[in-house]
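First comes the structure, then the notes that go with it.
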Amino acid sequence: MIRIAVVDDKMNNRKVITDKLSRNNFFTLVFQAVNGEDFLQQMRALPEDDQPHIVLMDLEMPHVDGVSAIGTASSLYPDIKFVVLTIFDDDDKIFRAIKAGACGYLLKEESGEVINEMLMNLWESGAGPISPSIAYKILQMVQKPVTADTVVKNDDNLFQLSEREKEILQLLSQGLEYKEIGVKIFISPNTVKKHCISIYQKLHVNSRSQALRIAYTKGLID
C-alpha cells in the first residue's frame with residue numbers, strides 16, 4: 001500500500017481530496033492535518049515504518065504554511081515525496097514550493113483520475129506530478145532572462161532568518177556552545193540562547209541536530 005497524508009486547513013478540501021484518493025485501492029490514508037504545524041507534530045509522533053510515502057500539501061494555511069512545512073520536513077524526512085495540491089498557480093508560490101523541496105505541483109481542480117494517475121507515476125517511476133498549466137509556467141520561468149530582481153528572488157531566505165541568526169547557526173555548526181559563541185560575536189550567552197530559540201521556532205525543530213540538518217540540506221550554512 002502507498003501511504004499518503006493530506007494537509008489542508010479546510011475540512012471540505014480534505015474530504016474532496018480523500019474521496020478522490022479512495023478510488024485507488026493502492027492508496028491508504030495515514031493521517032490528515034489542518035496546517036503545517038499539525039503535520040509536523042503528527043510526523044514526530046509516528047514510528048518510521050508508519051510514515052507516509054507521499055504528502056499532499058496545501059500552501060495557504062495558518063500557523064505554519066505549506067512552503068515552510070515542506071522546507072522543514074523535506075530535510076528531516078528525505079525519503080518522503082512532497083506534492084503541492086493547491087488552487088494557486090502564480091510564479092512566486094511555484095518557485096518557493098519547489099525551492100522548499102516539493103517534487104510536484106498539482107492544482108485542486110484536477111480530476112480524481114488525473115491526481116491518482118500522477119501519484120501512481122510518482123510512486124512507480126519517481127516522475128514528479130505537475131499540472132500542465134504549472135509545467136507551462138515553470139518553462140516560462142526557466143526561459144526568462146536573469147535580472148537583478150530574479151537574483152534577489154532566488155536568494156530569498158526560505159525560513160526568514162535574520163543575519164544574526166544565520167551567523168549563530170554557522171557557529172553552532174562548528175560545535176560551539178552558547179558561551180563560546182557569545183565571546184566570538186560580543187553578546188551574552190543568554191542572548192545567544194534567545195537567538196537559538198528563535199532559530200528553532202523558525203525552522204520548526206526543537207534541537208541543534210535537527211536545526212543543523214535543515215541548515216545543511218537547505219544551504220543556510222557553508
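The values are calculated or read from the model by the stated rules, or taken from the named source; none is laboratory data. Here the structure is a predicted model, which means the values were calculated and not measured. Here the Cβ positions follow ideal geometry from the backbone for every residue, glycine too, while neighbour counts run over all protein chains shown. Just the protein is used for accessible areas: all its heavy atoms, side chains included, with ligands, DNA and RNA removed. Shrake-Rupley method; radii C 1.70, N 1.55, O 1.52, S 1.80 Å.
For this structure, a couple of remarks:
- With Cα atoms, 0 to 90° folded angle of helix 132-143 axis to the chain main axis: 40
- 3J(HN,Hα) along the stretch 184-199: 5, 10, 6, 9, 6, x, 5, 5, 4, 4, 4, 5, 5, 4, 5, 4 Hz, from the Karplus curve 6.51 cos²θ - 1.76 cosθ + 1.60 with θ = phi - 60°, whole Hz, x for Gly and Pro.
- Solvent exposure of the stretch 4-146, expressed per residue, is 48 Å² of accessible area, with all protein chains present and a 1.4 angstrom probe.
- Candidate cross-link partners of Lys108 among the lysines, defined by an alpha-carbon separation under 22 Å and a same-chain spacing of 8 or more, comprise Lys10, Lys15, Lys20, Lys81, Lys93, Lys99, Lys137.
- Each peptide in 35-46, 67-78, 20-31 was scored by the mean count of other Cβ atoms within 10 Å over its residues; highest first, the order is 67-78, 35-46, 20-31.
- Under 5 Å from the amide H of Val84 lie the amide H atoms of Met57, Cys103, Gly104, Tyr105, Leu106, each residue being 5 or more positions distant or on a separate chain, with H modelled from the backbone and absent for Pro and chain starts.
- Per-residue packing, averaged as other Cβ atoms within 10 Å, sorts the ranges 120-126, 83-89 into the order 83-89, 120-126, beginning with the highest.
- A Stokes-Einstein calculation at 37 °C with viscosity 0.692 mPa s, built on the Kirkwood radius of the stretch 2-143 over Cα pairs, returns a diffusion coefficient of 220 µm²/s.
- Separation between Cα centres of the stretch 161-192 and the stretch 14-37, rounded to whole Å: 42
- Accessible area of the chain belonging to carbon and sulfur atoms, whole % at 1.4 Å probe: 53
- Residues of type lysines that Lys184 reaches as a straight line, Cα spacing below 28 Å, ignoring anything fewer than 8 places off in the same chain: Lys166, Lys193, Lys194, Lys202, Lys218
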